[in-house]
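Working notes for the structure below.
Readers should treat all values here as calculations from the given coordinates under stated rules, not as data from a laboratory. The shown structure was predicted, so the numbers you read here are calculated from the model rather than taken from an experiment. Glycine also receives a Cβ, built like all others from the backbone with ideal geometry; neighbour counts cover every protein chain displayed.
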Amino acid sequence: MKNFLRLFLSLTSLLFLTSCFDILDKVNIKADGTGEYTVILNASKSKTRLASISKMETVNGKKVPKKAEIENKINEAAKIFKATPGISNVKTSMDFDNYIIKLSCNFKKIENINAGLEKLKAQNILGKMIPTQIYSQNLEKKTLTRNKVNTFKADYDKMNKTDKEVFNDAKYTSIMQFENMVKSQSNNTYMLSPNKKALKLEADILDLILQKRQIQNTILFQ
């Protein structure tokens, strides 16, 4: 969900000088545990304002990152992901006309994503409020777990009013697609697709920070 102080990646701090942005977190998992992971940061709804902000040096006392700085950080994140065992086919795209940034990769097991995120945090590319141990899977028991995320209310409460406003209209969507059919899940706020091969959760990011909405879910496959 960079820096939940700035939200997903500190490298995308330009996107989070506005409160109107979306994060899409998507995994596609095959029966053998391999799959694809994608994260998309989308601030297209605020592109006019962001285009104006990008020409400024500072906003609310904070330095506005330039296009080259953002590109360098995203490329750095991709390089770290590529060096993570079990992760391959890392791709990034940056649309600075619509302010959409995408990173995707393949994994041998879902826990590889956790390891990649840990490396990003160790290199200060992820902020301290970003959870890294997101997924775990047990192929023998036919389960996939979306792990519980700690509350960041204390960190949020320390923010000034302007920084808090960043999260007012920010949205988070989690999509999980599977080769196997879902038999049951522990969190029914995730919507199950008619073919029982996909789950979707939509939430306000602020609700996740304050844990008014829960992200954890244990999925059992048929």
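Points to keep in mind about this one:
- Counting only Cβ charges, +1 for Lys and Arg and -1 for Asp and Glu, the dipole size of segment 171-222 around its Cα centre is about 120 debye.
- Shape call, segment 92-216: gyration tensor on alpha carbons, a/c limit 1.5: prolate
- Local charge for residue 105 was computed over the other residues whose Cβ lies under 9 Å away, with Lys and Arg +1 and Asp and Glu -1, and equals +1.
- Computed label-point distance, nm, for sites residue 71 and residue 159 using a 7 Å Cα→Cβ extension: 2.9
- Under 15 Å from the Cα of residue 30 - aspartates and glutamates, other chains or at least 8 residues apart: 111, 140, 179
- Computed label-point distance, nm, for sites residue 133 and residue 24 using a 7 Å Cα→Cβ extension: 3.0
- Using θ = phi - 60° in the Karplus curve 6.51 cos²θ - 1.76 cosθ + 1.60, the 3J(HN,Hα) couplings for segment 103-117 round to 10, 9, 6, 9, 9, 7, 8, 4, 5, 4, 5, 4, 5, x, 5 Hz; x is entered for Gly and Pro.
- Taken along the Cα-to-beta-carbon direction at a fixed 7 Å, the label points for residue 141 and residue 218 span 0.6 nm.
- Charged neighbours of residue 114, selected by a Cβ distance under 15 Å, balance to +3 (K, R count +1; D, E count -1).
- Applying a threshold of 26 Å to the alpha-carbon distances of 66/212; 102/142; 67/148; 91/148; 109/196 flags 66/212; 102/142; 67/148; 91/148 as lying beyond it.
- Phi to ³J(HN,Hα) by Karplus 6.51 cos²θ - 1.76 cosθ + 1.60 over segment 205-213, Hz, x for Gly, Pro: 4, 4, 5, 6, 4, 8, 6, 6, 10
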